[in-house]
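Step one of this worksheet: look at the structure below.
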Amino acid sequence: MVGEEMIEAVREGGLLPVGTPVVAMVSGGRDSACLIDLLALLLGPEAVRGLHVNYRLRDGSDQDEACCEQLCEKAGVRLEVERPRRPEGPGNLQAWARDARYAAAARLALPDQALIATGHTADDQVETILYRLASSPSRRALLGMRPHDGSLVRPLLGFTREETTAYCEERGLRWRDDPSNDGLGYARNRVRHRLLPALAEIHPAAARNVLRTAALLRDEAEVLDALVEAELDGANGSRGTISLDRLTELPGAIRRLVVQRLADRAAGRPVPGAANHADEVATLRRTGTTMLDLGGGVRAVVERGILHAER
């Protein structure tokens, strides 16, 4: 049966240790319906809390909330609902909604040190990789979303949307489709409805090949990350610093990764494009104190030949 196979696969994946509390994001769509039901069966409903964020941005948002209530009630899971107020003035609405959603999840998860689970699937992974590659080409774009990223886990990342649909049908779960996902106003929707079908025409295994490539690159990235950590925290570095002489000696690829890691650490988040300044950083003056803007509100600072990054 589909449901039993998915539950067993998630259990074997090791993302959800027994006894660990989980806050599950629930939108009312088929993927989140699958997620909340699967988590309740796998961990027990008492270990799971659902979170729905009602942005009240479109008609039907209250029906989405009611659907989430029914899903959580069926699973025996307590549901928390957030209704953030939309900020006034111009701005990226999608970014605001995403930030509001994850901030609410973090508040719920903090007291119990709970994990935060999302319903991202393999289809979302392909769309994310292609969108990031088109909009901000970088090594990070090709790596895609990680199954485990800090306190965030994505238990369904190995399953397709077709499989989560089959799970919901097998379990008798009702979901709601967001009509905004059908339009072409958002770039992500154009990737889904135009780019992916075009790639499938070129090769029927295009989506699977994207996923396989990303998986291989993530494995290789672990090796590169270990090399970077050795430079910053090993004999040549000290708690996130490195001598400028050593940075200059490194191969260009490792040099870029070191600068990127320093910037990300300083900001507490990814700083897009910081690695592009690696060669400039390597030419900074060794004497006194010199600085270079790395973007994202972070700068490289060299003090008496030692490099670090700061806000």
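For this structure, a couple of remarks:
- Residues in the range 44-63 that are touching a residue at least 60 places away in the same chain (Cβ under 8 Å) and surrounded by fewer than 23 Cβ atoms within 10 Å (Cβ to Cβ): Arg58, Gly60, Gln63.
- Residue in the range 57-67 that is under 20 Å from Gly172 (Cα atoms), out of contact with any Lys or Arg (no Cβ under 7 Å at 6 or more places or on another chain) and not in a loop (DSSP other than H, G, I, E, B) present: yes
- Take the conditions (1) open to solvent by 70 Å² or more (accessible area, probe 1.4 Å); (2) within 18 Å of the chain's Cα centre (by Cα); Asp177 misses just one of them, which is (2).
- Any hit, the range 273-291, residues being touching a Lys or Arg at 6+ places or on another chain (Cβ under 6 Å) and open to solvent by 40 Å² or more (accessible area, probe 1.4 Å): yes
- Test: residue in the range 187-201 that is assigned to a loop (DSSP other than H, G, I, E, B) and without any contact (Cβ under 8 Å) to a residue 40 or more places away in the chain: no
- Meeting the requirement of 1 or more residues that are of a type in the set (Val, Ile, Thr) and surrounded by 14 or more Cβ atoms within 10 Å (Cβ to Cβ), the helices (runs of 4 or more DSSP H) wholly within the range 73-168 are 122-135.
- Sub-6 Å Cβ pairs linking a first residue in the range 123-147 that is under 21 Å from Ala253 (Cα atoms) to a second residue that is open to solvent by 60 Å² or more (accessible area, probe 1.4 Å), at least 6 apart or interchain, are Ser136/Pro272; Ala141/Arg132; Ala141/Leu133, ordered by first then second residue.
The values are calculated or read from the model by the stated rules, or taken from the named source; none is laboratory data. Bear in mind that the values here come from a model prediction, so they are computed numbers and not experimental data. Because the Cβ atoms are built from the backbone with ideal geometry, glycine has one as well, and the counts that use them run over all protein chains shown. Accessible surface is based on the protein model in full, side chains and every heavy atom, while ligands, DNA and RNA are left aside. Shrake-Rupley method; radii C 1.70, N 1.55, O 1.52, S 1.80 Å.
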